[in-house]
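Remarks on the structure that follows.
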Amino acid sequence: MNAVSTLGLDLGTSSAKAVVTDTGGSVLAQASAGYAVSSAMAGYAESDPADWWSAVTACAREAVAAAGRAGGAPPAAIGLSGQMHGLVLASADGEALRPALLWADSRATGALAAYRGLGPAALARLANPLTPGMTGPLLMWVAEHEPETYQDASWALAPKDWLRARLTGEIHAEPSDASASLLYDVPGDRWDLEVVAALGLDAGLLAPVLPSAGAPAGHLAARAAAELGLPAGIPVAAGAGDTAAATLGSGIGLGEVQLTVGTGAQVIRPLAAPASRAEAGVHLYRSATPDGWYQMGATLSAGLSLNWVREVMNASWGELYASAGHRGRIDDPIFVPHLSGERTPYCDPALRGSWTALSLASDRTSLLRCALEGVAFAIRDALDALLGADRPPRLRLAGGGTLAASWRQLLADVLGLPLCAVDVPAASGRGAALLGAHAAGLLSFDDITGPLAPPAGLAAEPDPAMAAFHADRYARFRHIVSVLQPREEGAQPREEGPGNEGTA
């Protein structure tokens with residue numbers, strides 16, 4: 001008899017992933033399908049939800065077929081995760097009215113002035129640094145610049161909440177994504193209607209909030225079932241934002257810290273109670289657990305910048321990662337990867353990147369290696385802001401962007417911590433599948449958060465000599481970022497470290 005299985009759908013920034021697990025949490029099959037992120041102007045980042053749906057149906061069919069060949073039955077439930085923040089404006093029946101605005105979009109920078117005028121009490125409830133790619137600022141931008149679309153909209157949804165509506169025909173939100181919208185009372189765990197009103201937004205656009213884990217948020221509608229090749233009527237979980245789902249899927253617990261590298265990079269620390277550090281550029285969100293929270297340091301441009309470097313230099317991913325194995329020179333160029341601004345710790349959408357200190361000795365391999373090193377430096381910025389001097393004994397490592405051994409070693413050397421790889425590359429999709437199993441009554445929540453946590457093996461340990469080498473270069477990186485930061489005319493750059501490099 002075939003084993004019962006569940007399907008986790010993870011709606012990422014540049015690709016959708018489907019993960020089929022058994023009720024023990026073991027991954028039976030997985031597949032992915034990509035789609036475009038368009039940028040019509042500098043600072044814009046959009047995707048067409050129709051492309052999301054095409055990718056979801058393709059990878060779901062592929063993963064379910066592969067799981068069936070491995071002995072799995074058709075999925076008995078579906079769980080969801082997805083890229084956080086952003087905005088999908090939808091009609092009453094969930095149809096997208098315009099391309100989705102994504103987390104990497106910085107066009108709503110001007111809306112942050114209204115947020116700064118909210119007052120200390122309201123900002124304390126939001127409990128997060130002010131960044132333009134959140135749902136609230138993006139919704140303000142649409143209201144000002146596309147008023148007809150704003151008036152026509154019935155719902156302002158997070159990406160995975162739009163996907164759930166497409167699957168079930170029902171409209172809901174859930175706490176892990178809602179708390180990342182800058183429209184949410186994070187300590188109070190509810191939409192902040194006072195903030196919404198103060199910003200001049202329509203509270204009726206906000207969907208009712210269901211728990212991430214619990215009863216189904218809906219059931220698979222006949223039309224969606226036919227396109228996915230699945231039985232109609234199976235339960236669909238509310239799901240969670242991708243970082244919260246990855247936390248669940250990789251089994252991270254209190255006292256641990258995890259780094260996930262994909263299009264962006266996140267370092268997260270679970271908490272038992274909400275504790276805001278917004279002044280340090282650290283985010284605070286609800287987890288996918290019934291009563292949990294987590295802090296997050298976020299780097300906007302990890303795989304995003306590396307892919308740009310790869311394309312500009314006509315390099316394969318293999319060539320890029322292989323460059324990390326070459327020994328660098330102390331006078332190699334410094335790469336700043338902030339091509340679309342940066343979050344932690346700068347919270348500056350106007351920050352831009354550079355290659356600095358280029359010379360005739362700079363060759364292709366050194367430039368590729370410095371790109372990886374620059375992304376590692378940006379991750380260290382986020383890690384230091386999150387943890388300060390409170391360093392854990394190890395750092396858990398997750399995400400599809402950290403599989404190359406030489407890249408893992410460079411990360412360990414720059415971050416100064418042993419890296420222990422989580423044994424689930426598709427952690428967000430696995431977490432989504434576990435939430436689906438819970439919604440279907442196949443697993444208790446104690447099952448999900450207890451024995452299903454996978455072990456982590458040592459992936460890389462810092463080399464003391466290379467850690468010292470990178471510490472010197474990191475000081476130069478910090479100085480260069482301070483030079484690149486926009487400032488008022490006549491102001492001097494803030495000193496972040498030694499060096500007096502010009503940018504090239």
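The values are calculated or read from the model by the stated rules, or taken from the named source; none is laboratory data. All values reported here derive from a predicted model rather than from experimental measurement. Quick reminder, even Gly has a Cβ in these numbers, built from the backbone with ideal geometry, and neighbours come from all protein chains shown. SASA here: full protein model, heavy atoms, side chains in, ligands and nucleic acids out. Shrake-Rupley method; radii C 1.70, N 1.55, O 1.52, S 1.80 Å.
Treat each spin label as a single point 7 Å out from the Cα along the C-beta direction, and report the A465 to E146 distance in nm.
My value for the distance between the label points is 5.5 nm.
A217's amide H: which non-local residues (gap 5+, or another chain) put their own amide H closer than 5 Å, with H modeled 1.01 Å from N in plane and none for Pro or chain starts?
Answer set, sorted by chain and number: V236, A237, A238.
Among DSSP beta bridges lying fully in the chain, give the percent that are antiparallel, nearest 5. If you can, show how the numbers build up before the last one.
On the way: 50 of 67 bridges.
Approximately 75 percent, going by the DSSP bridge assignments.
Residue by residue, what Karplus-based ³J(HN,Hα) values in Hz, rounded to whole numbers, does the stretch 155-167 have, using 6.51, -1.76 and 1.60 with θ = phi - 60° and x for Gly and Pro?
For the stretch 155-167, the Karplus curve yields 9, 10, 10, 6, x, 6, 6, 5, 4, 4, 4, 5, 7 Hz.
If you take all C-alpha pairs in the chain, what percent of them are over 28 Å apart? Don't jump to the answer; show the numbers that get you there.
Numbers: 64475 of 126756 pairs.
For the chain, the fraction of Cα-Cα distances above 28 Å is 51 percent.
Report relative contact order for the stretch 294-389 in percent, whole number only (criteria: Cα-Cα under 8 Å, sequence separation at least 6). Could you put the intermediate results ahead of the total?
Values: 131 pairs, mean separation 36.9, N = 96.
Normalised by residue count, the contact order of the stretch 294-389 is 38 percent.
Non-local amide H neighbours of G8 (under 5 Å, H modeled in plane, Pro and chain starts lacking H): which ones?
V19, V20, T21, G79, A433
Normalised by the empirical 2.2 N^0.38 Å for globular proteins, what value does the Cα Rg of the stretch 248-344 take?
That ratio works out to 1.35.
Along the positive direction of the dipole of the stretch 123-164 (beta-carbon charges: Lys, Arg +1; Asp, Glu -1; about the Cα centre), which of W141, T131, A153 reaches farthest?
T131
Restricting the calculation to Cα positions, tell me the Rg (one decimal) and the Dmax (whole number) of the stretch 215-299 in Å.
For the stretch 215-299, the Cα-based Rg and Dmax read 16.3, 48 Å.
Can you compute the charge dipole magnitude of the chain about its Cα centre, using +1 on each Lys and Arg Cβ and -1 on each Asp and Glu Cβ, nothing else charged? Give it in debye, rounded to the nearest 20. Don't skip to the answer; put the middle values down first.
Values: 33 positive and 50 negative charges, 179 e Å.
That gives a dipole near 860 debye.
Between A114 and D423, what length in nm is gained on full extension when 0.36 nm per residue of separation is reduced by their alpha carbon distance?
Separation in residues times 0.36 nm, less the Cα-Cα distance, equals 106.9 nm.
Two decimals, Cα atoms only, Kirkwood Rh: what is Rg/Rh over the stretch 268-398?
On the way: Rg = 16.9 Å, Rh = 16.2 Å.
Ratio of gyration radius to Kirkwood radius for the stretch 268-398: 1.04.
Karplus couplings for the stretch 82-95 from phi (6.51 cos²θ - 1.76 cosθ + 1.60, θ = phi - 60°), rounded to Hz, Gly and Pro as x?
x, 3, 8, 6, x, 7, 10, 8, 10, 6, 4, 9, x, 6
Using the scaling law 2.2 N^0.38 Å as the reference, what is the normalised Cα Rg of the stretch 161-204? Please list the in-between numbers first.
Details: Rg = 11.8 Å, N = 44, 2.2 N^0.38 = 9.3 Å.
Cα-based Rg divided by the globular estimate yields 1.27.
So, how do all the Cα-to-Cα distances of the stretch 1-150 break down into 5 Å bins, in percent, from 0 on up?
Calculated P(r), rounded to whole percents: 2, 9, 15, 16, 14, 12, 11, 9, 6, 4, 1, 0, 0.
Rolling a 1.4 angstrom probe over the protein heavy atoms, how many square angstrom per residue are accessible across the chain?
On the way: 18110 Å² over 504 residues.
Ligands and nucleic acids excluded, the figure is 36 Å² per residue.
P(r) of the stretch 104-211 in 5 Å steps, Cα pairs, percent per bin?
Taking every Cα pair in the stretch 104-211, the percentages come to 2, 12, 24, 26, 21, 11, 3, 1.
Quick check: at a probe of 1.4 Å, how many percent of the accessible area of the chain sits on carbon and sulfur atoms?
Working: 9840 of 18110 Å².
Ligands and nucleic acids excluded, carbon and sulfur give 54 percent.
Could you work out the equivalent-ellipsoid semi-axes for the stretch 1-76, taking the square root of 5 times each eigenvalue of the Cα gyration tensor, largest first, in whole Å?
On the way: eigenvalues 187, 20, 12 Å².
Result for the stretch 1-76: semi-axes of 31, 10, 8 Å.
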